Amino acid sequence: MILRKKKPEFEVNTDGSIVNKETEGLSQGQIVRKRFLQHKGAMIAIFVLTSIVLFVFSALKLKIGPWTYPGWWKYTIEDLPDFALEGCADGLVGCPTMSLRPTWLGGSGVQLGEHPFGQDDIGRDYFALVMRGAQRSLMVTVIIGLIGGVIGTVIGAISGFYRGIVDSVLMRITDFIITVPSIIIGSVIGFHFGNLGVAFLAFYLGLFAWTGLSRLVRGEFLTLREREFVDAARVAGASNRRIIFKHILPNAVGIIIVSVTLLMSGAILLETALSYLGFGVVSPDVSLGSLISQYQESFTTRPWLFWYPGLFIITIALCINFIGDGLRDAFDPRQRRRITRKDRQSARVAMKAKS
Amino acid sequence: MFAFIMRRLGTLGVILFGSSFLLYNLAALSGDPIGELRTSTDPEAPAQIAALTRSLQLDVPPPLRYFYWLKGVLGLFVGNFSLGETRSSEPVNVAVFEAIPTTVRLVITAVIVAIILGISIGIVTALRQYSKFDYSMTFVSFLLFSLPIFWVAVLLKQFMAIEFNNWLASPTIAPRAMMIIAAVVALILASAVGGDRKKFWKVFGIAAASTVVVLLLLLQLNWFLQPRLGPIGFFFASVGAAVLVTQLSVGLSHKQSLRAALSMSVMGLISYYPVQWLFNQEKQPLIIFGLLLLTIGFAVVASIYFAKVDRGPVIRTAVLTGILTGLLMILDKLMHTWEPYFNSDAVNGRPVPTVGQTNSLLEAGDYWISLLDVLMHLVLPTIALTAISFAGYIRFSRGTMLEVLNQDYIRTARAKGLNERTVIMRHAFRNTMIPITTIIVSDFAGILGGAIITERVFGWTGMGTLFNKAINTFDLNLLMGVFFLTATLALLANLVADLLYSVMDPRIRVGAGE
C-alpha cells in the first residue's frame, strides 16, 4: 500500500489570499463521494449498521420461498427451554448469561452462555426474541422507506415538473394527508391491518409516509426546471420523459436520498411507538417496540427484558441518523468548510517552506 | 393582506373537508363497532345490534354518513355546533374541550424549555463549529433523536423518581459520585466556553472545584430537604440575572441599562419580605398578576429615570430583569413550601411522582402546596418531552445560524467595527429567529396531537387518552372530534406562521402581486 501525502485543503495565493483547494478538479459525483467518505460519523454508522443487519438476519431460521436458511442460533422464538438458574442473584430466574468482562478483570470471562440476553417470563430465549424483533423493525423501516420514497418522488416530480392544475390537485392531496398526525394514521392502519403481518403493516404505513418528501422534491423540481440546462435540452428536442429522467432527476437525487434516510429513521420510531400502543406488530410475532411494551413493568425485577430491545432501537436509529447527516453534508453544494485560524496558519507555514 | 387571509382561510376549509372525509372513511371502513356483538351468543345481541345500528346510523354507508357528521360541524356558523356524541352518550365537543387544558399543561412547559435550551445550545454550537463541543452536541442530539419516548420514560421513572425518592430519605453523595458530577459539569462548561487548551483546562478546573464546593455546601445546609434561597441568595441570583440580561441585550458597557437592571434587583431585595407576606394572603393568582404589572411599571419608571435618550433597549432590559426577579421570588416561595409538602401525609417523603396529574390524597386549600404538587407531577413528563424535542431545535438553529453567519451583512457588520456581541445578538441572532419562529408555531400545534404516548406512559388523561379510547372502542365521532381539533390547530398554526414570517422579514410580502 502506498501512503500518499495528503494534499493541503487550503493554499495561499501569491497575493496572500487563501483559497480552498479541496474540490479543485473534481466532478460533482467525486466531490460528494469524497465528502461522504470523509464523514467519520457516517462511516462508523455504515459499518455498525451493516454488522447489525448481517448479525440479526443470520441468527434465526429464515424461509425465503422454497429455500430455508437454518440460522446459527440454537433457539427460536417458539422454543420453551427450562429456566437457567445459575448465576442469578436474589432468587431471579432467566437472567442474562452473557459476560463481557474477562477473567483477568475479575469477571467470568468473555462468553455468550446459554441465554446471552436472558429469558422472558415464560422462559423463551430472549436473544432469539430480540433478533426477531430487530428483523421485524428493520423490515418495517426499509419497506416504509422504499414505498414512501418512491411515491414521494413520483408525486413530487410530477407536480413540480408539470405545475398548474396537476400540481394543485396533487399538493392538495398531500395537504389532506399531512394534516393528520402520522401517529393517528398509523394507529388507524395498525389497528386494522396489524394482524395481516409486518410486511402489510409497513406497506400501508408507507402509503401515507411520503408527504414531506414529495414537498421537498416538488420544490427541487420547480427550481431545476427553470435552469438553463433544461432549456438547452428542450431546445435540442428532448422529450419530457428524457428531461425528467436524464436532466432533472440526477440533480435532485441528493435531496431524495437524504430525505429517504430521515424518513427511515422516523419510520423505525413510528413502528416502535405503534407497537408500544398496541397498534403495530401483534403477538405471536414480535418487534422491538412490542417487546419493550410487553415487559416495561418488569424493569425493576428483570431489567434485561427492557435494556436489550431498547439498545437495538437506539443503535439502529442512531446509525441511520448519522448516515443521513453524512449524506446531507456531502450533497449540499453550499456547504463549504469555513477557513479557520488553524487552516490559515498551516497554509502560511506551507508557503514559507516552499519559498 | 385581508384578501390573502380570506383566501388562505378558504383553502383551509377545503383541506379540512378533504382530510376529514379521508379519515372518516378510512376509520369507518376498517372497523366494525358491532363486530363483537355479531359473534356473541347472547339472546339480547340482535336487539342490541339493532339499537346500535340506529343510534350510530350504521345502515348509512360511510361516505354518506360523513355528511351527517359534517352537518354538525357546519352548525358552527348557525350557532349549534356539534361534533356528535361519544358511544357513552356524552357530547364529543365537551369531552374534547375538557381534555385540552390537560394536554396543554403537559406540553407547554416542555415546549418552552426545549425551545430555550435548544436554540441557545444550537447557536453556541454554530459559533464553535467543528469544536469538541459541537461534535459532542451533534452526537447528543442524534442520540436524543433516536430515543423512543416510552423507553426514556421508564428510565426516568426508575432513576429520577424511585431512586431519587429513596435517596432523599438520607441525602448523601459519595466522593466518587461527586467527582463524576463535577467532571461532567466542568466538561460541558469548559467545552462550551471554548478557547485554546490552556483556557479549556483553566475553565475546567474552576468549574469542577466550584461544583464540588456548591454540592458540599448544599449537603451541609441540608438543602435537599429544606431548599431555600433566602433574601441574600435571592439578591445574588437576581443581580446575576440583571448582569446576564444586560450583557446579552445591550452589553455591560451600556451603563444606563446596567443601572436600570440592577435597580430592579435592589427593588426586589427591598420588597422581599412584603412580597412574602403578600404571597400568604388569599387570591394568589390575582396577587401575582398585580405584582407583575407593578414590576413592569417600576421597570419603565426606573428606565426613564436612568436613561434620557434611546430608552427602548433600557426599558426592555429592565422589564426582563424584573420578570426574572419575580420568577426567582416565586421559586423561593415554592422552596419554602417544599418542606410542608414533603412531610405531608399524602406525599410521605416521596416527592417525585411517577404517574398522574395531581395527588388526589393531598388536602386542597393551600395554593402553594397544590401549585408545587402540579409542578412535581410535571417534572418527569417535561424532562422526557424536552429531551425528545429539543434535539430538533439544536440541529435547526445550528444550521440556520451557520447560514446567516455566511451572509454578506454579517461581514459588513464586522467590517464597520461592531463588537462581536452586537454582531451575534443583533445581526445574526435576530435573522436566525425568523425561520425558527415558524417552526415553533407549527410545533405547538403538532405537539397537541403528538403527546399520545407521553400521556399514556405517565397516566395523564388528555387528548391522547381520548384518542386511544376512540380507536379501541371504534368510537368514530370521538376520533373525528380529536382529529378535527388537532388538524384545525395545525392548519391555523401554519397560517399564523406565514403571517409572522412576513411581519418579521420585510423581504417577504404575503399576497403581493397575486
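The values are calculated or read from the model by the stated rules, or taken from the named source; none is laboratory data. Because the structure is predicted, anything quoted here is derived from the model rather than measured. Note that we place each Cβ from the backbone using ideal geometry, even for glycine, and neighbour counts take in every protein chain shown. Side chains included, ligands, DNA and RNA excluded: accessible areas come from the protein's heavy atoms. Shrake-Rupley method; radii C 1.70, N 1.55, O 1.52, S 1.80 Å.
Here are the numbers for this structure:
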read-out	value
Residues of region B:116-174 satisfying the condition of being more than 9 Å from chain A (Cβ to nearest Cβ) and part of a loop (DSSP other than H, G, I, E, B)	B:ARG128, B:SER131, B:SER170, B:PRO171, B:THR172, B:ILE173, B:ALA174
Conditions (1) open to solvent by 30 Å² or more (accessible area, probe 1.4 Å); (2) within 28 Å of B:VAL347 (Cα to Cα): number failed by B:ILE149	(1)
Complete set of residues in region A:284-311 that are open to solvent by 30 Å² or more (accessible area, probe 1.4 Å) and either of a type outside the set (S, T, N, Q) or within 8 Å of chain B (Cβ to nearest Cβ) (or both)	A:PRO284, A:ASP285, A:SER293, A:GLN296, A:GLU297, A:THR300, A:ARG302, A:PRO303, A:TRP307, A:TYR308, A:LEU311
Residues (touching a residue at least 40 places away in the same chain (Cβ under 8 Å) and open to solvent by less than 40 Å² (accessible area, probe 1.4 Å)) located in region B:158-195	B:ALA161, B:ASN165, B:LEU168, B:PRO171, B:ILE173, B:SER191, B:ALA192, B:GLY194
Matching residues, region B:81-96, being closer than 24 Å to B:VAL355 by Cβ and not small (Gly, Ala, Ser)	B:VAL96
Evaluation of A:PHE161 against (1) surrounded by fewer than 18 Cβ atoms within 10 Å (Cβ to Cβ); (2) out of contact with any Ser or Thr (no Cβ under 9 Å at 6 or more places or on another chain); (3) modelled with pLDDT of 90 or more (one fails), failing number	(1)
Leading residue by the ranking (farthest from the chain's Cα centre (by Cα)) among those in region B:480-492 that are under 29 Å from B:VAL374 (Cα atoms) and either open to solvent by less than 10 Å² (accessible area, probe 1.4 Å) or away from chain A (no Cβ under 11 Å) (or both)	B:GLY481
Leading residue by the ranking (farthest from A:GLU271 (Cα to Cα)) among those in region B:450-467 that are open to solvent by 20 Å² or more (accessible area, probe 1.4 Å) and at the interface with chain A (Cβ under 9 Å from one of its Cβ atoms)	B:ARG456
Residue within region B:186-206 that is in contact with a Pro (Cβ under 8 Å, 6 or more places away or on another chain), modelled with pLDDT under 90 and not in a helix (DSSP H, G or I) present	no
Among (1) surrounded by 12 or more Cβ atoms within 10 Å (Cβ to Cβ); (2) in contact (Cβ under 8 Å) with a residue 60 or more places away in the chain; (3) closer than 26 Å to B:LEU492 by Cα; (4) more than 14 Å from chain A (Cβ to nearest Cβ), the one test that B:ARG87 misses	(3)
Hits in region B:223-246 (condition: open to solvent by less than 30 Å² (accessible area, probe 1.4 Å) and of a type in the set (A, V, I, L, M))	B:ALA241, B:ALA242, B:VAL245
Filtered residue count, region B:398-407, keeping only those that are assigned to a helix (DSSP H, G or I) and within 12 Å of chain A (Cβ to nearest Cβ)	5
Set B:LEU16, B:LEU29, B:LEU23, B:LEU12: member being exposed (fewer than 14 other Cβ atoms within 10 Å of the Cβ), within 14 Å of chain A (Cβ to nearest Cβ) and in contact (Cβ under 8 Å) with a residue 12 or more places away in the chain	B:LEU29
Complete set of residues in region B:290-342 that are of a type in the set (D, E, K, R) and assigned to a helix (DSSP H, G or I)	B:ARG311, B:ARG316, B:ASP332, B:LYS333, B:GLU339
Cross-chain or 6+ apart pairs with Cβ under 8 Å, region A:39-64 first and loosely packed, with under 15 Cβ neighbours inside 10 Å, then at pLDDT 85 or above	A:ILE44/A:PHE322
Region B:246-262: number of residues that are more than 23 Å from B:ILE424 (Cα to Cα) and in contact with a Ser or Thr (Cβ under 9 Å, 6 or more places away or on another chain)	2
Those helices (runs of 4 or more DSSP H) lying entirely in region A:163-273 with at least 2 residues more than 14 Å from chain B (Cβ to nearest Cβ)	A:164-179, A:198-206, A:211-224, A:228-235
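Listed here are the residues, each with its yes/no results for (1) of a type in the set (Val, Ile, Thr); (2) surrounded by fewer than 21 Cβ atoms within 10 Å (Cβ to Cβ); (3) more than 12 Å from chain A (Cβ to nearest Cβ); (4) not in a helix (DSSP H, G or I).
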{"residue": "B:PHE396", "(1), (2), (3), (4)": "no, yes, yes, no"}
{"residue": "B:TYR409", "(1), (2), (3), (4)": "no, yes, yes, no"}
{"residue": "B:THR412", "(1), (2), (3), (4)": "yes, yes, yes, no"}
{"residue": "B:LEU418", "(1), (2), (3), (4)": "no, yes, yes, yes"}
{"residue": "B:HIS427", "(1), (2), (3), (4)": "no, yes, yes, no"}
{"residue": "B:THR437", "(1), (2), (3), (4)": "yes, yes, yes, no"}
